[in-house]
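The values are calculated or read from the model by the stated rules, or taken from the named source; none is laboratory data. The structure presented is a predicted model; accordingly, all values stated were derived computationally and were not measured. Note that we place each Cβ from the backbone using ideal geometry, even for glycine, and neighbour counts take in every protein chain shown. Just the protein is used for accessible areas: all its heavy atoms, side chains included, with ligands, DNA and RNA removed. Shrake-Rupley method; radii C 1.70, N 1.55, O 1.52, S 1.80 Å.
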Amino acid sequence: MIKLSELHLGVLTAFGGIALLLASAHFGPLPGQAYGAGTMPRLIGWCAILLGAFMIFASFRQLPEMLKPHLAAWVRTPRLAGAALATIAVVVFYILASEALGFIPTSFIGLLGLMLALRAHLLTAVLASAVTTLVVYYGFSRLLMVPLPRTEFLSFLG
Amino acid sequence: MLIFEQAAALVFQPYVLGVILASAAFGMLVGAIPGLTATMATALLVPMTFFMDPVPAIAAIVTATAMAIFAGDIPAALLRMPGTPANAAYVDDAYKMTQSGRGDEALGAALVFSAIGGLFGAIVLMTVSPTLAEIALKFSSEEYFWLVLLGLSCAVFVNPGSPTRGLISLLIGLFVATIGMENPSGEPRFSFGNIELMAGIQFIPAMIGLFAVSEVLRTVTATSPRQKIQRSDGGGIFKTQWKNLKQYPVQTVRGSITGTALGILPGAGADIAAWISYAISKRFSKHKAKFGTGHVEGLVEAGASNNSAVSGAWIPALVFGIPGDSITAIVIGVLYIKGINPGPTIFINDPQTVYAIFMVFILANLIMLPLGWLAIRGARPILSIPPSILMPMILIFCIVGSFAIANSMAGIVMMLVFGIIGFFMEENDIPIAPAILGMVLGPMLEQNFITSMIKGDGNILHFFERPIAGGLGFFTILIWLFPLAMLLLRRRKKASFAT
């Protein structure tokens, strides 16, 4: 991930403010009043533009340094970048697959995959994934009555 | 007296006491794991509290946070890895004490003075809150507007980091709070026709994402490996604390007062309280040079301070409905879900619940001593769970917790989005706390601002017409002008030095 300088952040903030002003332009006021749904977003937008402008102005003194993009150390290390992507991928996998597969298989596969991606020992990862899945399933589904996704597959466990 | 009896009946039940014990153990566990904060313990507890009555739900959060902040001292002393940001101020002293074979004295001091600070804060909470609530009943939209703005300003300017980045965080939080239909005209804003977004951003999944998922991402991308656990000397944990108490009574009281005061200040919280108390301790110490080299004095003062801030933060939360820190921000959400409206009327409508909360504070800080002793003894196995196993476990807990809020996948999507935003923010040194306060206080700020503007017919001076509103407004503007004044002063000094 790129580490942003004060200048980059200033530009982003100012643009965010402009986008907010444009997006809130169509919000009408309360009947018979000058204020309504658009007042607060517009105020936030103006604050963001002013803050962005201040940050851009304040970074002019160190301009060459501020323009350089700095990559975080982990981005340049394939193993760590992979670990970050695997973490996000597990959540996406759960969102997409849990309704079809049910909680137990999705959680077990997700946990095992992530533990292995983080270089855990295979046997430890299998055991930890199985125990965590069952503890979370029984804790939430049975004790707290949360309707976790269920399918016929492995339904004898629940 | 009847209210006290009713409150005691609410607290002293086997179920509530069981919840207190279990959440104490949970808080110890979370606090003792480096990187997991007391706020995260609270966020992870929220899905559980959905299934509890108000008193056990609040008892669980109060106990877990108090324990987590103390337990954060365990990895701080053993590994030089503060368990929570509130333990970071004195980590060098605690770690160097361990290195020199005084690990048990360091952890014992952290435990005993945390309990003393927590009890002090709880007593102030019990005595000051009802009086403040009576004053707060006279507040109108102008006072509330300034009070909210004061809290948001403190979150930005009292933080040790850059104020500009704090402001970015605050604006992100305020923007997130505008999403949905909850606004003066009930018009859907920034929802893009999505029904889930029309109801606004779900606070708890966002919170779990910002704190827990971002922390998981930070841990898995950490470039430096964990250090090996140091050997403890095995001496008595409580043995030297009486001597410390006799030697540092002023530091203990000063730390407790500072912590409570900073806890009351909306937006400050335990992290800042610990840093400021450590700095005060060093400033007034006769042994300034010993600070940072394994000296217990700073640990005594800052240890008392961070736990008293936890109690202090509940004062604005209960009295005004304005959170003192990110933990009470979550608590306010839980109270609303439970049908209890924090604010001055809670002392009239629900006094037994308020007094039950006070009792829980006392219980939590007393129970901390035996449980803390056990936690110090049993810390090693917890600390030795490798991150490659622990982080996926936390992630699945986050997923299920976010799902449980509304039994919908939208909660998990929000958690992931906010997790990535939180990770990006922390990578760029943008603090998360102002964003959280912005999300919580945004609707209150908007409502009071619009109401006051309509009342004053658009006249800004109307915000200063009532005496308390005027005073609060003046104080808030002073906080905004302070960094500017400091900047000008620094420039003038530089210029005079150059000439």
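Being open to solvent by 40 Å² or more (accessible area, probe 1.4 Å) and of a type in the set (S, T, N, Q) is the filter here, so list the residues in region B:427-474 that pass it.
Listed by number, the residues that qualify are B:Gln447, B:Thr451, B:Asn459.
Of all residues in region B:91-140, which are of a type outside the set (A, V, I, L, M), over 26 Å from the mean Cα position of the chain (by Cα) and on the phi < 0 side of the Ramachandran plot? Even if it seems obvious, please write down each step before you answer.
Here is the first cut: in region B:91-140, the ones of a type outside the set (A, V, I, L, M) are B:92-93, B:95-96, B:98-105, B:108, B:113-114, B:117-118, B:120-121, B:127, B:129-131, B:134, B:138-140.
With the extra rule that they be over 26 Å from the mean Cα position of the chain (by Cα), the set shrinks to B:96, B:98-105, B:138, B:140.
Correct list: B:Lys96, B:Thr98, B:Gln99, B:Ser100, B:Arg102, B:Gly103, B:Asp104, B:Glu105, B:Lys138, B:Ser140.
Give region B:364-388 a look and list any residue that's in a helix (DSSP H, G or I), at pLDDT 80 or above and surrounded by 15 or more Cβ atoms within 10 Å (Cβ to Cβ), or say none.
If the condition is that a residue be in a helix (DSSP H, G or I), at pLDDT 80 or above and surrounded by 15 or more Cβ atoms within 10 Å (Cβ to Cβ), then B:Ala364, B:Asn365, B:Ile367, B:Met368, B:Leu369, B:Leu371, B:Gly372, B:Trp373, B:Ala375, B:Ile376, B:Pro387, B:Ser388 are the ones that fit.
Here's a check for you: in region A:25-34, which residue that is open to solvent by less than 40 Å² (accessible area, probe 1.4 Å) and either of a type outside the set (Phe, Trp, Tyr) or within 28 Å of the chain's Cα centre (by Cα) (or both) is farthest from the other protein chains (Cβ to nearest Cβ)? Explain how you work it out, then say what you get.
Quick first cut of region A:25-34, residues open to solvent by less than 40 Å² (accessible area, probe 1.4 Å) only: A:27-28, A:30.
Going one step further and asking which of them are either of a type outside the set (Phe, Trp, Tyr) or within 28 Å of the chain's Cα centre (by Cα) (or both), we end up with A:28, A:30.
Numbers: A:Gly28: 7, A:Leu30: 5 Å.
Restricting to residues being open to solvent by less than 40 Å² (accessible area, probe 1.4 Å) and either of a type outside the set (Phe, Trp, Tyr) or within 28 Å of the chain's Cα centre (by Cα) (or both), the top hit is A:Gly28.
If you scan region A:109-128, which residues turn out to be more than 23 Å from the chain's Cα centre (by Cα) and open to solvent by less than 40 Å² (accessible area, probe 1.4 Å)?
A:Ala120, A:Ala125, A:Ala128, listed by residue number.
Looking at A:Ala81, A:Ala58, A:Ala100, A:Ala86 in this structure, which one is outside the structural domain of A:Leu112 (by TED's automatic domain parsing) and either touching a helix residue (DSSP H, G or I) at 6+ places or on another chain (Cβ under 9 Å) or modelled with pLDDT of 85 or more (or both)?
A:Ala58
Within the bounds of region B:185-199, is there any residue that is hydroxyl-bearing (Ser, Thr, Tyr), at the interface with another protein chain (Cβ under 10 Å from one of its Cβ atoms) and open to solvent by less than 30 Å² (accessible area, probe 1.4 Å)? Steps first, please.
To start, the set of residues in region B:185-199 that are hydroxyl-bearing (Ser, Thr, Tyr) comprises B:185, B:191.
Narrowing the set further to residues that are at the interface with another protein chain (Cβ under 10 Å from one of its Cβ atoms) leaves B:185.
Adding the requirement that they be open to solvent by less than 30 Å² (accessible area, probe 1.4 Å) leaves none.
Among the residues of region B:185-199, not one is hydroxyl-bearing (Ser, Thr, Tyr), at the interface with another protein chain (Cβ under 10 Å from one of its Cβ atoms) and open to solvent by less than 30 Å² (accessible area, probe 1.4 Å), which makes the answer no.
Only one of A:Ala72, A:Ala37, A:Ala14, A:Ala48 is out of contact with any helix residue (DSSP H, G or I) (no Cβ under 7 Å at 6 or more places or on another chain), open to solvent by less than 70 Å² (accessible area, probe 1.4 Å) and either within 7 Å of chain B (Cβ to nearest Cβ) or within 18 Å of B:Asn428 (Cα to Cα) (or both). Can you tell me which?
Details: A:Ala72 fails: out of contact with any helix residue (DSSP H, G or I) (no Cβ under 7 Å at 6 or more places or on another chain); A:Ala14 fails: out of contact with any helix residue (DSSP H, G or I) (no Cβ under 7 Å at 6 or more places or on another chain); A:Ala48 fails: out of contact with any helix residue (DSSP H, G or I) (no Cβ under 7 Å at 6 or more places or on another chain).
After ruling out the rest, the residue left standing is A:Ala37.
Checking B:Pro344 against (1) at pLDDT 80 or above; (2) in a helix (DSSP H, G or I), which single condition isn't satisfied?
(2)
Hey, does region A:28-41 have a residue that's free of Cβ contacts under 8 Å to residues at least 60 places away in the same chain, more than 17 Å from B:Pro184 (Cβ to Cβ) and not hydroxyl-bearing (Ser, Thr, Tyr)? Please lay out each step first, then the result.
Within region A:28-41, the first condition is being free of Cβ contacts under 8 Å to residues at least 60 places away in the same chain, and the residues that meet it are A:28-41.
Still in the list and also more than 17 Å from B:Pro184 (Cβ to Cβ): none.
Checking region A:28-41: not a single residue is free of Cβ contacts under 8 Å to residues at least 60 places away in the same chain, more than 17 Å from B:Pro184 (Cβ to Cβ) and not hydroxyl-bearing (Ser, Thr, Tyr).
When you go through A:Leu22, A:Leu7 one by one, which is the residue that is of a type outside the set (Ser, Thr, Tyr), farther than 24 Å from B:Phe423 by Cα and more than 11 Å from chain B (Cβ to nearest Cβ)?
Working: A:Leu7 fails: farther than 24 Å from B:Phe423 by Cα.
Checking each option against the conditions leaves just A:Leu22.
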